[in-house]
Amino acid sequence: MSGGFLEVSIQYIQRLDDVEARELIRRLSDAELRRQGLPLVGLVAGGHQDAPEGGGDVSVRGLPKTMIPGFVPRPDTAFQSKAETMGARKITKEMMHAGKPREILEDFAAAGGAYVIVSARDNRAGSARKDRLAAMRAAAGPLADHLTLDFYGADRLATWANQYPGVAMCVR
């Protein structure tokens, strides 16, 4: 879907609050799995946005290794959803606790999984995105060698949403 009147723009994404952003990521993950005919049993969306769950708002676990990577990059992927800009300092705070990578990073690294920070407020491409990825690698420390790390801003979230017209309609 491109250029249509139902297309989700970056501005639509940037208006989402924390709960709406997390729900969008859940819906998009669901749509990705359904498109590939993959089981939904491993798709989990966390509880309250500010609950101390350890750093993952939406996750997929145990997908078949035959999955086709896309916006869900690995069979075991955690998404951390934020409706705020995420500079290096906030990324470090999100990914570390008491000077060490959070347990969720250890869990997903052990599975060869992915950890994706999604910021509905950021629209960072080029060097700004590279800076955020560098902050994520630094926060993950040696675990970064076993994790796929990524950062999705509002631009990438809009692109993802526009792949699924039903989800795009919900955003609009």
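The values are calculated or read from the model by the stated rules, or taken from the named source; none is laboratory data. Note that the structure is predicted; figures quoted are calculated from it, not measured. Every residue, glycine among them, receives a Cβ derived from its backbone with ideal geometry; neighbour counts consider all protein chains shown. To get the accessible areas, we keep the full protein, side chains included, count just its heavy atoms, and leave off ligands, DNA and RNA. Shrake-Rupley method; radii C 1.70, N 1.55, O 1.52, S 1.80 Å.
Results for (1) open to solvent by less than 70 Å² (accessible area, probe 1.4 Å); (2) outside any helix (DSSP H, G or I); (3) under 16 Å from Phe79 (Cα atoms), shown as yes or no for each residue.
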| position | (1), (2), (3) |
| --- | --- |
| Arg129 | yes, no, no |
| Leu133 | yes, no, yes |
| Thr159 | no, no, no |
| Gln163 | no, yes, no |
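Quick grid of which residues meet (1) in contact (Cβ under 8 Å) with a residue 12 or more places away in the chain; (2) of a type in the set (Ser, Thr, Tyr); (3) under 23 Å from Glu23 (Cβ atoms):
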residue	(1), (2), (3)
Gly112	yes, no, no
Val118	yes, no, yes
Ala135	yes, no, no
Ala140	yes, no, no
Leu147	yes, no, no
Tyr152	yes, yes, yes
Ala158	yes, no, yes
Asn162	yes, no, yes
Val167	yes, no, yes
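I need a count of the residues in the range 141-161 that are touching a strand residue (DSSP E or B) at 6+ places or on another chain (Cβ under 7 Å) and of a type in the set (S, T, N, Q).
Residues that pass the stated criteria total 1.
Six or more apart or on different chains, Cβ atoms under 6 Å: show the pairs whose first residue is in the range 80-93 and within 19 Å of Ile104 (Cα to Cα) and assigned to a helix (DSSP H, G or I) and whose second is of a type in the set (Ser, Thr, Tyr) and open to solvent by 60 Å² or more (accessible area, probe 1.4 Å).
Correct list of pairs: empty, since none qualify.
Of everything in the range 108-127 that's in a helix (DSSP H, G or I) and open to solvent by 70 Å² or more (accessible area, probe 1.4 Å), which residue is nearest to Arg156 (Cα to Cα)?
Looking at residues that are in a helix (DSSP H, G or I) and open to solvent by 70 Å² or more (accessible area, probe 1.4 Å), I get Ser127.
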